[in-house]
Amino acid sequence: MNRINCIRIGGSTPTRDLFADMNGRRPVNNGMWGNNMDHMDIRIARLLAQQNSPIGFDDDSSDSDDSEDNFQTDLAPMFIGGARGGMRPQRNPQTTKQTQKAVPTKRKNFDVSIDIGNISLKVKSGNLAEQEADVIVNSVATDLDLTKGVGSSAIFAVGGQVIQQECDDNYSDGISFGDVAITSGGQLKCSKIYHVALPSWNNNEQEIQAILKKCFVLMGQSHVALRSVVIPPLGHGFLGFPDDVIARNMISTIVEFGKNPQIHHASVSIVCHRRQHVIFKALKTEVKRLTVQLHMDMYKGDLKTPSYWTKYDQTKTLREWNCHQISAKCWEQVQVSPEERSAIEKLVMDTWMKQFVGHGRDSRGLNALNYANIQILDVERIENPLLAERYFQCRATMFHKVGQLERTFTRLKDIPYAKNGGILTTKKAGKTLTREMCQMVNEHYLFHGTTVGRIDVIAAQGFDNRLTENAMFGPGVYAAESSTKSDQYADPRDQRDKRSPKKMILTRMLLGEIYVTDQPKSFQRPPCKTCKKDKCCDSSHNPRGQGFFDSVVVDGQWNFREFIVYNSSQCYPEYIITYKRK
């Protein structure tokens, strides 16, 4: 007799009856496991119950990392039920709330991500059919029967009959191995589905690369701005591709895709079902290996100026420029290209918040000027190889830190305490400004307001946090995501006017690992990641020299957020913006 057919629950209920009872939400023999079931029987029953759930698999990105082999048989009694039909331990009616709280369920988030060139790659657990993206890739049989396979069945169940109908109408003879069928997303949260057909494993690992490349080429030919792609682990399951082969080939192909200059800040997610522990671990290991490799390469590489600099270009390294005979003042004020000027003007105006003009302690005296907007007069670039070498060396050190940690730094929008989400300047900056920014170390453009008389000093010497006086959050370099905030510092509070031109600086800033606070507290440096004290002297809190945050972001009840670094090497004042109030 087939092993699966002989599984019984409670000693009497066949598996097929179990499914009927579960879908009807009726108890099965008081929910008790039968004593005649061995360890393998329980595993198979558990998987079959989930596969036959009317809603589909549970989508729990924070599921435990234990493999199926660690499933314990001594958890009886059990019951079948819950909103999604999964198997869960039966609660002991005598268990108190206090006891339940004392033994919390172990939950972890094992998602990993890395920025590669122009894309953000993420490996996460979840249900493919519930993802939101521009394109979802689906692995299918050559006959395009969506009722076959776990992924296709979920897509068919959630996306609706219309997807199958498109497959039947547009690909009546099916497709061949290595081909791609494109349909709409039906009721899924995507625009298109790319259905790919892979053959079974036969030492043919190049098939994964070939099919992914074909998908990326087709996406490029669609002439639609691509922002997000979701892909399952191709070749996994009954196709029999080894997990390390899948991980190596998928990641390497996506890395190559990320080098395409026509792709701008796209997100590529490999989504594993929460029970696919082994392939998830293989993909995670490959991403970690890649994280270390890429960032160590960035750390070891030569330091050069940005490619768009004109006076001190990339024909020499920064060290070579600084050994070469340069001008007496060591820096040049260069007119930007029309493209740069347009992008910066747009950024200034897109982050201007006229409703806050004259509001707040630092804007005292501005209300009397009766203005709500500003007009850009000029934009110039500061090219200072001495400051640039210091800054880019600091950035290289942050790449080394990422390699040591084996993970990229958390973005502000993903930090729970960040109430206002991602950084506004980065949201509003176009391709021209973000083309050479490294968000994997949280490098961003931010505004810095200062008086006209200090511009040349900053251009020559850079920012110096040691000169900061009476600052609420300590002696740091302060920046803002809104040009309105920087305008508050363009002139002394007792000498406000709107006749003379004002200036602000658009600066590169390395935020690294960000500490978010909503409390007015003065820091001497970013706090310790363990005890949250800026004056922590416990060496055990600083393993491998990585125990402190790199910046502080103040996100509280104030009108504007403050972005603060306490090491001036983390800032490079790149653009001088001249404007007038009107």
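Some notes on this structure:
- From the list 550, 518, 491, the one residue that fits, being touching a helix residue (DSSP H, G or I) at 6+ places or on another chain (Cβ under 9 Å) and either in contact (Cβ under 8 Å) with a residue 60 or more places away in the chain or aliphatic (A, V, I, L, M) (or both), is 550.
- Filtering segment 265-291 to residues that are in a helix (DSSP H, G or I) and either acidic (Asp, Glu) or open to solvent by 40 Å² or more (accessible area, probe 1.4 Å) (or both) leaves 278, 281, 285, 286, 288, 289.
- Taken as a whole, the condition of being within 34 Å of the chain's Cα centre (by Cα), open to solvent by 50 Å² or more (accessible area, probe 1.4 Å) and without any contact (Cβ under 8 Å) to a residue 12 or more places away in the chain applies to residue 355.
- Pair list, Cβ < 9 Å and 6+ apart or interchain, from segment 559-575 residues that are on the phi > 0 side of the Ramachandran plot and free of Cβ contacts under 8 Å to residues at least 60 places away in the same chain to residues that are assigned to a strand (DSSP E or B) and open to solvent by 10 Å² or more (accessible area, probe 1.4 Å): none
Residue-by-condition table, conditions (1) at pLDDT 90 or above; (2) in contact with a strand residue (DSSP E or B) (Cβ under 9 Å, 6 or more places away or on another chain); (3) of a type in the set (Gly, Ala, Ser):
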site: 524; (1), (2), (3): yes, no, no
site: 528; (1), (2), (3): yes, yes, no
site: 535; (1), (2), (3): yes, yes, no
site: 540; (1), (2), (3): yes, no, yes
site: 543; (1), (2), (3): no, no, no
site: 548; (1), (2), (3): yes, yes, no
site: 553; (1), (2), (3): yes, yes, no
site: 563; (1), (2), (3): yes, yes, no
site: 569; (1), (2), (3): yes, yes, yes
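- Each residue in segment 540-569 was checked for being open to solvent by 40 Å² or more (accessible area, probe 1.4 Å) and of a type in the set (D, E, K, R), and 1 of them qualify.
- Within segment 154-182, residues that are without any contact (Cβ under 8 Å) to a residue 24 or more places away in the chain reach partners that are open to solvent by 70 Å² or more (accessible area, probe 1.4 Å) and in a loop (DSSP other than H, G, I, E, B) with beta carbons closer than 7 Å, at six or more positions or on different chains, in the pairs 156/147.
- Check on residue 478, out of contact with any helix residue (DSSP H, G or I) (no Cβ under 7 Å at 6 or more places or on another chain), within 29 Å of residue 581 (Cα to Cα) and among the hydroxyl-bearing types (Ser, Thr, Tyr): yes
- Checked against the criterion of being in contact with a strand residue (DSSP E or B) (Cβ under 9 Å, 6 or more places away or on another chain), surrounded by fewer than 20 Cβ atoms within 10 Å (Cβ to Cβ) and of a type in the set (Asp, Glu), the candidates 168, 173, 179 yield just one match: 179.
- Residue within segment 537-549 that is assigned to a strand (DSSP E or B) and within 26 Å of the chain's Cα centre (by Cα) present: yes
- Residue in segment 521-530 that is open to solvent by 70 Å² or more (accessible area, probe 1.4 Å), farther than 24 Å from residue 387 by Cβ and either assigned to a strand (DSSP E or B) or not aromatic (Phe, Trp, Tyr) (or both) present: yes
- Only a single criterion out of (1) of a type in the set (Val, Ile, Thr); (2) in a loop (DSSP other than H, G, I, E, B); (3) in contact (Cβ under 8 Å) with a residue 24 or more places away in the chain is not satisfied by residue 315, namely (3).
- Lone qualifier among 324, 295 - being modelled with pLDDT under 95 and open to solvent by 40 Å² or more (accessible area, probe 1.4 Å): 324
- Filter result (open to solvent by 60 Å² or more (accessible area, probe 1.4 Å), part of a loop (DSSP other than H, G, I, E, B) and among the aliphatic types (A, V, I, L, M)) within segment 194-241: 224, 225
- Going through (1) open to solvent by 50 Å² or more (accessible area, probe 1.4 Å); (2) modelled with pLDDT of 95 or more one by one, residue 374 falls short only on (1).
- In segment 140-161, the residue that is nearest to residue 208 (Cα to Cα) out of those that are hydrophobic (A, V, I, L, M, F, W, C) and part of a helix (DSSP H, G or I) is 150.
- Output for segment 570-582, where each listed residue is open to solvent by 40 Å² or more (accessible area, probe 1.4 Å) and either within 22 Å of residue 459 (Cα to Cα) or touching a Gly at 6+ places or on another chain (Cβ under 6 Å) (or both): 580
So that you can scan it fast, the table gives a plain yes or no per residue for (1) touching a Gly at 6+ places or on another chain (Cβ under 6 Å); (2) of a type outside the set (A, V, I, L, M, F, W, C); (3) touching a residue at least 24 places away in the same chain (Cβ under 8 Å):
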{"residue": "260", "(1), (2), (3)": "no, yes, yes"}
{"residue": "270", "(1), (2), (3)": "no, no, yes"}
{"residue": "274", "(1), (2), (3)": "no, yes, yes"}
{"residue": "286", "(1), (2), (3)": "no, yes, yes"}
{"residue": "290", "(1), (2), (3)": "no, no, yes"}
{"residue": "295", "(1), (2), (3)": "yes, yes, yes"}
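- Residue, modelled with the highest pLDDT, within segment 242-264, restricted to residues that are more than 17 Å from residue 285 (Cα to Cα) and surrounded by 17 or more Cβ atoms within 10 Å (Cβ to Cβ): 257
For every residue, the table says whether it meets (1) within 28 Å of residue 488 (Cα to Cα); (2) modelled with pLDDT of 90 or more.
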| position | (1), (2) |
| --- | --- |
| 381 | yes, yes |
| 394 | no, yes |
| 425 | yes, yes |
| 435 | no, no |
| 438 | no, no |
| 441 | no, yes |
| 449 | yes, yes |
| 454 | yes, yes |
| 459 | yes, yes |
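The values are calculated or read from the model by the stated rules, or taken from the named source; none is laboratory data. Quick caveat, the model's predicted, so the values are computed rather than measured. Here Cβ is always computed from backbone atoms with ideal geometry, including for glycine, and neighbour counts include all displayed protein chains. SASA here: full protein model, heavy atoms, side chains in, ligands and nucleic acids out. Shrake-Rupley method; radii C 1.70, N 1.55, O 1.52, S 1.80 Å.
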